[in-house]
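> Take a look at the following structure, please.
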Amino acid sequence: MKTKVVFLDIDGTTADENGRVPDSTKEAVRKAKENGHKMVICSGRSRFQIYDELLSLGFSGIVGAAGAFVDVDGKEIFHAYIDEIHRKSSFEYLEKNGFLFCYQADDGIVINQRSSDGMIRFFRERNMNERRLNRLIGKMHLTERPWDNPKNEKIIYYEAPFPVAAVNQDLAPYFDTVAISLEGMDDFAGEIGIGKINKATGMERYLKAVGILREDCIAVGDGPNDLQMMEYAGIGVAMGNALESVKARADLVTDSIHNDGLIKAFEKLSLL
């Protein structure tokens with residue numbers, strides 16, 4: 001069998017709502033690697049937010065921050081940051097309209113006091129454990145001028161006054177906004193990335209670097225921010241716990257993360 005590259009989302013795909021990586025997921029990644037296939041993390045998360053438990057499995061690369069950076073075998077080949085003008089304009093828009101929001105950077109989040117207090121409350125109201133909360137936040141850069149950080153990669157927001165489509169329209173064309181993939185969030189939480197940079201463009205950069213064709217890659221995800229990568233891939237796989245709108249656009253729907261969905265998909269795709 002030809003070498004395949006498998007791009008894997010994190011939340012709801014390789015890690016559950018508590019940040020736990022199922023044993024069957026670890027086995028699937030390990031066995032597929034033994035068969036010569038490349039396993040690549042493909043996530044909206046910045047580097048600091050990726051679970052050590054996942055990284056210890058020895059991935060062949062990372063497409064992170066929704067395509068804002070790409071690593072191949074531990075070497076960074078691409079990294080994009082929000083420019084100064086749009087760091088400032090996005091802050092003014094989000095602050096004026098009362099969003100809870102933060103900028104994701106390499107080592108942590110960049111946030112002002114109002115949003116920091118609100119986001120911690122928001123997550124604790126949803127019973128997020130401290131371990132997962134600390135992983136999401138990383139090092140907190142608390143400042144009333146978050147736009148000053150030149151290494152801001154993307155923006156995460158919650159409790160928006162407008163649905164995702166309206167935010168996307170307001171911030172286009174420099175930014176592209178999609179619904180967030182964390183379980184339990186609705187149309188008033190999202191992630192804002194640089195336009196024309198997304199998981200699919202990150203995949204394209206990775207594939208070009210390793211010399212593997214698009215038709216020989218597989219993407220597995222569960223949320224709306226996974227649709228671009230699933231549609232770019234030769235085969236797009238939706239987890240059983242995915243939104244129905246995501247399942248409808250997948251080539252293959254597997255079982256849920258709580259019922260060994262990833263290893264079942266790998267078996268169907270003859271990766272094991």
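> Please go through (1) surrounded by fewer than 16 Cβ atoms within 10 Å (Cβ to Cβ); (2) touching a helix residue (DSSP H, G or I) at 6+ places or on another chain (Cβ under 9 Å); (3) closer than 14 Å to ASN152 by Cα for GLY58 and return the number of the only condition it doesn't satisfy.
(3)
> Kindly evaluate GLU76 against the criterion of being of a type outside the set (Ser, Thr, Tyr), in a strand (DSSP E or B), in the same structural domain as THR13 (by TED's automatic domain parsing) and without any contact (Cβ under 8 Å) to a residue 40 or more places away in the chain.
The answer is yes for GLU76.
> I need a count of the residues in region 159-213 that are closer than 26 Å to GLU244 by Cα, touching a strand residue (DSSP E or B) at 6+ places or on another chain (Cβ under 7 Å) and among the β-branched types (Val, Ile, Thr).
Matching residues across region 159-213 total 6.
> Right, next: Being assigned to a helix (DSSP H, G or I) and surrounded by fewer than 19 Cβ atoms within 10 Å (Cβ to Cβ) is the filter here, so list the residues in region 233-263 that pass it. Reasoning before the result, please.
So in region 233-263, the residues assigned to a helix (DSSP H, G or I) come out as 244-247, 257-259, 261-263.
Within region 233-263, GLU244, SER245, LYS247, HIS258, ASN259 qualify.
> So, in region 17-35, of the ones that are under 16 Å from LEU57 (Cβ atoms) and assigned to a loop (DSSP other than H, G, I, E, B), which residue ends up nearest to the chain's Cα centre (by Cα)?
Looking at residues that are under 16 Å from LEU57 (Cβ atoms) and assigned to a loop (DSSP other than H, G, I, E, B), I get GLY19.
> Let me ask another. If you go through region 113-131 one residue at a time, how many are out of contact with any Asp or Glu (no Cβ under 8 Å at 6 or more places or on another chain) and more than 21 Å from PHE188 (Cβ to Cβ)?
So the answer is 3.
> Also: Could you please find all residues in region 210-232 being closer than 26 Å to ILE192 by Cα and in a helix (DSSP H, G or I)?
Those that are closer than 26 Å to ILE192 by Cα and in a helix (DSSP H, G or I): ARG214, PRO224, ASN225, ASP226, LEU227, GLN228, MET229, MET230, GLU231, TYR232.
Yes/no per residue for (1) within 26 Å of PHE122 (Cβ to Cβ); (2) touching a helix residue (DSSP H, G or I) at 6+ places or on another chain (Cβ under 6 Å); (3) modelled with pLDDT of 95 or more:
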| residue | (1), (2), (3) |
| --- | --- |
| THR25 | no, yes, yes |
| ILE41 | yes, no, yes |
| GLY64 | yes, yes, yes |
| ASP73 | no, no, yes |
| SER89 | yes, no, yes |
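> What about ILE50, is it in the same structural domain as ILE257 (by TED's automatic domain parsing), farther than 12 Å from HIS258 by Cα, in contact with a Phe, Trp or Tyr (Cβ under 8 Å, 6 or more places away or on another chain) and crowded, with 17+ Cβ neighbours inside 10 Å?
no
> Given the structure, is GLY98 assigned by TED's automatic domain parsing to the domain that holds GLN169, more than 22 Å from the chain's Cα centre (by Cα), small (Gly, Ala, Ser) and closer than 21 Å to ALA189 by Cα?
yes
> Are any of the residues in region 82-99 assigned to a strand (DSSP E or B), of a type in the set (A, V, I, L, M, F, W, C) and surrounded by fewer than 22 Cβ atoms within 10 Å (Cβ to Cβ)? Lay out the reasoning, then the answer.
At the first step, the residues of region 82-99 found to be assigned to a strand (DSSP E or B) are none.
Within region 82-99, not a single residue is assigned to a strand (DSSP E or B), of a type in the set (A, V, I, L, M, F, W, C) and surrounded by fewer than 22 Cβ atoms within 10 Å (Cβ to Cβ).
The values are calculated or read from the model by the stated rules, or taken from the named source; none is laboratory data. In this text, all values refer to a predicted model and were calculated from it rather than measured experimentally. Heads up, the Cβs are rebuilt from the backbone with ideal geometry, glycines too, and the neighbour counts pull from every protein chain shown.
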